[in-house]
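This report concerns only the one structure given below.
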Amino acid sequence: MIYDVEESVGFLLAKAYQYVTILCKGEFAAYEITPPQFVLLAYLWRQDCLSQTELAKKSQIDPATISGIVNRLEKCGLVLRLPCPEDRRACRITLTVQGRALEEELIAAARRVRDKLLKRIPPNEYKSLGRILKMIVT
């Protein structure tokens, strides 16, 4: 029996992830933002002043990786680390004026990625794909 790896869900998900990442990198390049950095910014635009632990849980990115992403966003002047009043060992991540100012432009870039995907996938199937992917990750 031959296993057709190219038809396996894992292989196809990995290839889809690679394709979407390439699209995102292209759209975000002018802002010098990576897709993982965009994800954290998007969470902060929705709810500012989150702890790194909260960002890790929401994004499902491991805490060590979150720390590196936050470091780079901080160096770019997009976020600040503030002391956490409840826990002196922790800090809260907050947007700077510059980080907040990028929201509209970066969301427009993310929508351009979605629009490129919609050229390949009919809108109703795009929504179905989103529902199916949520079943896998939750």
| said: Which count do you get for residues in region 26-37 that are buried (at least 19 other Cβ atoms within 10 Å of the Cβ), in a helix (DSSP H, G or I) and either under 11 Å from the mean Cα position of the chain (by Cα) or basic (Lys, Arg) (or both)? | reply: 1
| Condition test on LYS75, is it more than 27 Å from GLY130 (Cβ to Cβ) and either exposed (fewer than 13 other Cβ atoms within 10 Å of the Cβ) or not hydroxyl-bearing (Ser, Thr, Tyr) (or both)? | yes
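Can you name every residue in region 33-76 that is touching a Lys or Arg at 6+ places or on another chain (Cβ under 6 Å) and not hydroxyl-bearing (Ser, Thr, Tyr)?
In the first step, residues of region 33-76 are kept if they are touching a Lys or Arg at 6+ places or on another chain (Cβ under 6 Å); the result is 43, 49, 51.
Scanning region 33-76 gives a single hit, CYS49.
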| query | For the subset of region 46-58 comprising residues that are more than 23 Å from VAL97 (Cβ to Cβ) and of a type outside the set (Lys, Arg), which member is surrounded by the fewest Cβ atoms within 10 Å (Cβ to Cβ)? | reply | THR53
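Every number here is computed from the coordinates shown, using simple stated rules; none is lab data. Note that the structure is a prediction, hence the values are computed from the model and not measured. As a convention, Cβ positions derive from the backbone with ideal geometry for all residues, glycine included, and neighbour counts pool all protein chains shown.
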